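Okay, structure first, notes after.
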Amino acid sequence: MRMLAIDTSGEACSVALFEGDRVIDGRHETIGRGHAERLVPMISQLQGHGQCDEILVSLGPGSFTGVRIGLATARALGIAWDARVSGYPTLSLIAAMAQAEIAGPVDICMNGGHGEWFIQSFDAGGLPASEAMSRTPEEAVIALAAANVAGNRASEFARIAAHEVRPMEIVADAGFAHAIPECLRTKVLTPIYGRSPDAKAPAK
């Protein structure tokens with residue numbers, strides 16, 4: 001059975017095609033912006049144009065626009081290919097990537113919005129040990145206590161943390177999606193924004 005993994009939640013546009021747990025093709029580009037223009041062409045470049053039986057897509061938190069682009073593409077391809085579509089939390093992918101290199105608990109620290117960071121703790125088995133939150137850098141270094149911190153704000157976290165930290169600068173790569181614990185995958189394709197929306201309904 002083939003599975004296509006998609007991650008457009010951050011600065012990278014990343015797709016990977018799996019046969020079982022084995023990556024048979026993939027593309028990963030750090031582009032910052034322009035996911036909408038690059039995602040479908042990247043998928044079409046994969047073996048068999050990426051056609052598969054199952055699609056696994058990032059739900060966030062991350063870029064609002066990037067998350068929605070990934071979800072919309074996954075849903076459309078799911079209909080076109082009659083493929084099952086499931087989602088996963090972005091921070092669980094970062095944890096899986098970190099724990100492919102180191103054993104033990106890991107804290108995730110990713111770029112958020114308005115100067116805040118998305119943070120979450122994971123246990124040695126790759127399962128969440130806290131909720132995903134959006135915090136200021138000052139709040140983040142108080143909230144996280146693991147010796148290993150991974151994500152695109154890991155080095156900055158290490159510079160201001162009061163305890164010794166091993167930073168692991170990691171950008172989401174769909175090629176590691178097979179390592180996300182099965183229990184963290186969901187068929188509920190609702191974006192995980194990680195913080196309250198900027199726009200609020202006017203008070204009555």
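The values are calculated or read from the model by the stated rules, or taken from the named source; none is laboratory data. Just so it is clear, the model here is predicted, and its values are computed rather than measured. Note that each Cβ is placed from the backbone with ideal geometry, even for glycine, and that neighbours are counted across all protein chains shown. Quick note on the areas: whole protein, heavy atoms, side chains included, nothing else; ligands and nucleic acids left out. Shrake-Rupley method; radii C 1.70, N 1.55, O 1.52, S 1.80 Å.
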**Message:** Quick check on the range 46-67: of everything there that is closer than 18 Å to Gly175 by Cβ and among the β-branched types (Val, Ile, Thr), which residue is surrounded by the fewest Cβ atoms within 10 Å (Cβ to Cβ)?
**Reply:** Ile55
**Asked** Which is free of Cβ contacts under 8 Å to residues at least 40 places away in the same chain, touching a helix residue (DSSP H, G or I) at 6+ places or on another chain (Cβ under 7 Å) and open to solvent by 10 Å² or more (accessible area, probe 1.4 Å), of Glu37, Glu29, Glu19?
**Response** Glu29
**Request:** From (1) under 21 Å from Gly175 (Cα atoms); (2) touching a Pro at 6+ places or on another chain (Cβ under 9 Å), pick out the condition that doesn't hold for Ser86.
**Result:** (2)
**Request:** Take Met110 and decide whether it is closer than 30 Å to Arg27 by Cβ, buried (at least 17 other Cβ atoms within 10 Å of the Cβ) and touching a Phe, Trp or Tyr at 6+ places or on another chain (Cβ under 8 Å).
**Result:** yes
**Item:** Residue under evaluation Ile160, criteria (1) more than 30 Å from Met42 (Cβ to Cβ); (2) buried (at least 19 other Cβ atoms within 10 Å of the Cβ); (3) among the β-branched types (Val, Ile, Thr), criterion not met
**Value:** (2)
**Message:** Conditions first: (1) within 16 Å of Ala12 (Cα to Cα); (2) at pLDDT below 95. Leu91 passes all but one, so which condition is the exception?
**Reply:** (2)
